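> Here it is, the structure, as structure tokens.
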Amino acid sequence: MPGVMERRLIERLSIQAQPQLDFVTIINPSSGPGNTSTPDAQYTQQIVQLNGLKSVKTVGYVRTNYTNRPIDDVLADVRTYSGWSTANANLTMHGIFLDESPHQYSDSAASYMRTVTSAIKSSSGIQGQKLVIRNPGTIPDPVFNDTNTDVVVFFEDDYTSYQNQVSSLQSQPNTRSKYSILVNSVPSMSTGGLRTYVDGLSRLAEYVFVTDNTQNYYESFGSDWNEFTSVVPT
């Protein structure tokens, strides 16, 4: 848990240092909300502090395993996150991040995702816009596009892969507000070079995450985290 505390402190300080930016923070106590009705005391403290920052939306992490995970388990995770606000209004989530979302269309996969999305949007405990973020990590079949999905992570891979796929990403039909890009293993750059690179990402997607970590990308902030947040365009 000290690692979690340290990461949350670093994130909170970077958020406070860039008040012009909006942040979406994924809350993931245990590959989901965990087996208890509320997070433990350390997580609770950090979530309350993040929710106290006006530029932050907190969203709960839920894994779908490309619709191979039993849907009842997924819906139970959504209900758990929803229930946090009943226990403590300061723990309120503002959406759900659906990791390992499918990208290849089938009737059953589409039905599964519609059911989960509907549960999120109708949840009384999830507040505000009730963001539904799907993460296939690649460009999904366009049939998956629907008005209730707020954001799609259409790229999650390393720097080199992004360079090879940028033309395909540029050809997607939706506006940038519907997309997110997560890039790891970004090489060291000058501040000007990083600004140009991040500006290019931001022209394709409103929600951007960049790290120079080459493994365990989300276990710690990369050495370029503060520089990255300082160059994100507004």
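> Quick one: is Tyr66 surrounded by fewer than 19 Cβ atoms within 10 Å (Cβ to Cβ), farther than 27 Å from Val210 by Cβ and touching an Asp or Glu at 6+ places or on another chain (Cβ under 7 Å)?
On the way: surrounded by fewer than 19 Cβ atoms within 10 Å (Cβ to Cβ): yes; farther than 27 Å from Val210 by Cβ: no; touching an Asp or Glu at 6+ places or on another chain (Cβ under 7 Å): yes.
Against the criterion (surrounded by fewer than 19 Cβ atoms within 10 Å (Cβ to Cβ), farther than 27 Å from Val210 by Cβ and touching an Asp or Glu at 6+ places or on another chain (Cβ under 7 Å)), Tyr66 does not qualify.
> Now, a different point. Residues that are modelled with pLDDT of 95 or more, over 19 Å from the mean Cα position of the chain (by Cα) and aliphatic (A, V, I, L, M): does segment 194-209 have at least one?
Yes.
> Related question: Across segment 184-234, what is the total count of residues that are in a strand (DSSP E or B) and β-branched (Val, Ile, Thr)? Don't jump to the end; show me each part of the working.
First, pick out the residues of segment 184-234 that are in a strand (DSSP E or B): 184, 207-210.
This time we only want the ones that are β-branched (Val, Ile, Thr), so: 208, 210.
Total meeting the criteria: 2.
> Which residue out of Asp40, Asp73 is acidic (Asp, Glu) and either modelled with pLDDT of 95 or more or within 20 Å of the chain's Cα centre (by Cα) (or both)? If you could, list the steps in order and put the result at the bottom.
On the way: Asp40 fails: either modelled with pLDDT of 95 or more or within 20 Å of the chain's Cα centre (by Cα) (or both).
The conditions single out Asp73.
> Considering only segment 54-89, how many residues are part of a loop (DSSP other than H, G, I, E, B) and among the β-branched types (Val, Ile, Thr)?
Quick first cut of segment 54-89, residues part of a loop (DSSP other than H, G, I, E, B) only: 54-55, 64, 68-70, 88.
If we keep only those that are among the β-branched types (Val, Ile, Thr) as well, we get 64.
Residues in segment 54-89 being part of a loop (DSSP other than H, G, I, E, B) and among the β-branched types (Val, Ile, Thr): 1 in total.
> Can you tell me which residues in segment 119-142 are at pLDDT below 95 and part of a helix (DSSP H, G or I)?
Within segment 119-142, just Pro142 meets the criteria.
> Still on this model: Given the condition more than 18 Å from Glu206 (Cβ to Cβ), surrounded by 22 or more Cβ atoms within 10 Å (Cβ to Cβ) and in the same structural domain as Gln46 (by TED's automatic domain parsing), answer yes or no: does some residue in segment 103-111 qualify?
Checked segment 103-111: no residue is more than 18 Å from Glu206 (Cβ to Cβ), surrounded by 22 or more Cβ atoms within 10 Å (Cβ to Cβ) and in the same structural domain as Gln46 (by TED's automatic domain parsing).
The values are calculated or read from the model by the stated rules, or taken from the named source; none is laboratory data. This is a predicted model, so every value here is computed, not measured. A quick note on method: Cβ atoms are made from the backbone with ideal geometry, for glycine too, and the neighbour counts reach across all protein chains shown.
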